[in-house]
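Undergrad: Sharing a structure, written as structure tokens. Questions coming.
The values are calculated or read from the model by the stated rules, or taken from the named source; none is laboratory data. Bear in mind the structure is a predicted one, so any value in this text is a computation, not a measurement. Counting neighbours? That spans all protein chains shown, and the Cβs are built from the backbone with ideal geometry, glycine included.
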Amino acid sequence: MSSTGLSHVTFIVTDLDRMEHLLSAVLGAVRVYDSGSEMFSLSEERFFLIGDGDTATWVAIMQGDAALPRTYNHVAFQVRREDLPTLRETITGLGLDIRPPRSRVDGEGDSIYFYDHDGHLFELHAGSLRERLAVYSATAPGGDVGA
């Protein structure tokens, strides 16, 4: 038996409204549930869908103490390359910290990394696993990176 895929991603945040604004402004998230004062889980929570139809990603946010150290642990969302400049402007306009990009091999894709107000690291990535593995294979000694 194995997993059939990702179910959802949950972020603990200090301000639900502020995080909702980030999710909708940057990722086009649509809220589909708000617990309000009812708590079926550990605290107040909201659910969002990012993307379209059956492939939409379910993101949950929950009220809590979210003081996190800044690390490279992150979640990456697929975006179109041509949207990266506008997304960078939106992120900057929200007062969020953009992390300098890591070094990259030409052709593996472009990304914007940014921290939300609670220290979660997000990546907006324009590229695919298939593209990245093809580039790595072409540049690796012997041309094999496994897959």
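Undergrad: Name the residue, out of A29, A60, that is modelled with pLDDT of 95 or more, in contact with a helix residue (DSSP H, G or I) (Cβ under 7 Å, 6 or more places away or on another chain), of a type in the set (G, A, S) and surrounded by 15 or more Cβ atoms within 10 Å (Cβ to Cβ).
TA: Within the list A29, A60, the selection yields A29.
Undergrad: Going through T86, T90 one at a time, which residue ends up being at pLDDT 90 or above, more than 24 Å from I61 (Cα to Cα) and among the β-branched types (V, I, T)?
TA: Step by step, each of T86, T90 is checked, and only T86 is at pLDDT 90 or above, more than 24 Å from I61 (Cα to Cα) and among the β-branched types (V, I, T).
Undergrad: Test of understanding: among E82, E89, E108, which residue is surrounded by 13 or more Cβ atoms within 10 Å (Cβ to Cβ), on the phi < 0 side of the Ramachandran plot and among the acidic types (D, E)?
TA: Just a single option satisfies the conditions, and that option is E108.
Undergrad: While we're on this one: Within the stretch 45-59, which residues are assigned to a loop (DSSP other than H, G, I, E, B) and over 25 Å from G95 (Cα atoms)?
TA: D52, A56
Undergrad: So which pairs qualify, if the first residue must be in the stretch 110-137 and more than 24 Å from F11 (Cα to Cα), the second must be assigned to a helix (DSSP H, G or I), the Cβ gap must be under 8 Å, and the two must be at least 6 apart or on different chains?
TA: Every condition considered, the pairs that remain are D110/R81; D110/L84; G127/R81; S137/G143.
Undergrad: Quick one: would you say A138 is small (G, A, S), farther than 21 Å from G5 by Cα and in contact with a Ser or Thr (Cβ under 9 Å, 6 or more places away or on another chain)?
TA: When the stated conditions are applied, A138 does not pass them.
Undergrad: Let me ask something additional. Test T10 against the criterion of being at negative phi and assigned to a strand (DSSP E or B), and give yes or no. Give the steps one after another, and end with the answer.
TA: Details: at negative phi: yes; assigned to a strand (DSSP E or B): yes.
Considered against the rule, which asks whether it is at negative phi and assigned to a strand (DSSP E or B), T10 comes out as yes.
Undergrad: Return the residues of the stretch 23-32 that are out of contact with any Asp or Glu (no Cβ under 8 Å at 6 or more places or on another chain) and either assigned to a strand (DSSP E or B) or basic (K, R) (or both); say none if nothing qualifies.
TA: Correct list: V30, V32.
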